[in-house]
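The values are calculated or read from the model by the stated rules, or taken from the named source; none is laboratory data. Given the structure is predicted, the values throughout are model-derived calculations rather than measurements. In this analysis, Cβ positions are derived from the backbone assuming ideal geometry, glycine residues included, and neighbour counts consider all displayed protein chains. Surface areas here come from the heavy atoms of the whole protein model, side chains and all, with no ligands, DNA or RNA. Shrake-Rupley method; radii C 1.70, N 1.55, O 1.52, S 1.80 Å.
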Amino acid sequence: MGYKTDETGWKVCKKSNDVVVSWRPSSEFPGNVYKGEGVINGSPEKVWECLKPVPNGLRVKWDNNVKRFELLEQITEHISICRTVTPSAAMGIIAPRDFVDVILIKQYEDGTISSNATNVIHPSCTPQSGYVRGFNHPCGCICVPISGEPSKTQVFSFFQTDLGGFLPRSVVDSFFPSSMAEFYNNLAKATKSLKDL
C-alpha cells in the first residue's frame, strides 16, 4: 500500500491503451521496483478469482510467468508460505526460477483486496537443481473497486524481484516492463473468460 500511495520518483517505461508500467530504484535491493496500473473489465471478485495465489488456482492457467504454485505451509487463514515456479523466459536467456514467499491476503472495508508477498527461507524447500532460486522483495497485487463502475476493477501490481543467477542488468530491465504489460493483457482475457461461464 505504501508503494501505491507514494507517487514520488516513478518513471514511466511502458504505456499501452490499458496499462502504465513505471519503475524507480528499489530501497530493498540493488535493482528496481516496477509498478503496473490498469483497469480490468470485471468485478473485483472476478479479477481476484484470477489473481489469488492458491494451488490449483486460475493463475497458473493464464499467467505465463507462473508454471507451478505450491503451498508449503498454511500459517493462518490469510497467511501462507508458497513456492512459485517460473518457466524459462526471454527466449531462454532467463532459466527457470523458483521463489519461496510468505503471502498475506488482506481485505479492506472499501472492497479492496490485496495479495502481499516477500521472500522467506523455509526448511522444507531448499534450492533445487534445475531452478535458480530468485528472491521477491515486498511485492503484490491490489484490486481496487471503481466507484460507480461495479464491473470494472483498478489493478495495481508491484514487482521487485532479484532473479538470482548472473543475468546482465539490461536483460532484467528489458524483461519486466514487457512481461508486466503481458500480465495485464492475459489477466483481462482470463477475467473475460470467467464472465462467459
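Considering (1) in contact with a strand residue (DSSP E or B) (Cβ under 7 Å, 6 or more places away or on another chain); (2) touching a residue at least 40 places away in the same chain (Cβ under 8 Å); (3) among the small types (Gly, Ala, Ser); (4) surrounded by 16 or more Cβ atoms within 10 Å (Cβ to Cβ), the lone condition that Ala190 does not fulfil carries the number (1).
For Ile142, the conditions (1) modelled with pLDDT of 95 or more; (2) farther than 19 Å from Arg24 by Cα; (3) not in a loop (DSSP other than H, G, I, E, B) are fulfilled apart from (2).
Within the stretch 155-175, the only residue that satisfies the criterion of being open to solvent by 60 Å² or more (accessible area, probe 1.4 Å) and within 21 Å of Val20 (Cβ to Cβ) is Ser174. The set of residues in the stretch 78-108 that are open to solvent by 50 Å² or more (accessible area, probe 1.4 Å), at pLDDT below 95 and not small (Gly, Ala, Ser) comprises Met91, Ile93. Of the helices (runs of 4 or more DSSP H) that lie entirely inside the stretch 1-68, those containing 1 or more residues that are in contact (Cβ under 8 Å) with a residue 12 or more places away in the chain, closer than 12 Å to Ser157 by Cα and open to solvent by 20 Å² or more (accessible area, probe 1.4 Å) span 2-5. Scan the stretch 113-136 for residues that are open to solvent by 60 Å² or more (accessible area, probe 1.4 Å) and either aliphatic (A, V, I, L, M) or under 16 Å from the mean Cα position of the chain (by Cα) (or both) and the total you get is 2.
Taking the stretch 179-197 as the range and being farther than 20 Å from Gly140 by Cβ and either of a type in the set (A, V, I, L, M, F, W, C) or modelled with pLDDT of 90 or more (or both) as the test, the residues that pass are Lys189, Lys192, Ser193, Leu194, Leu197.
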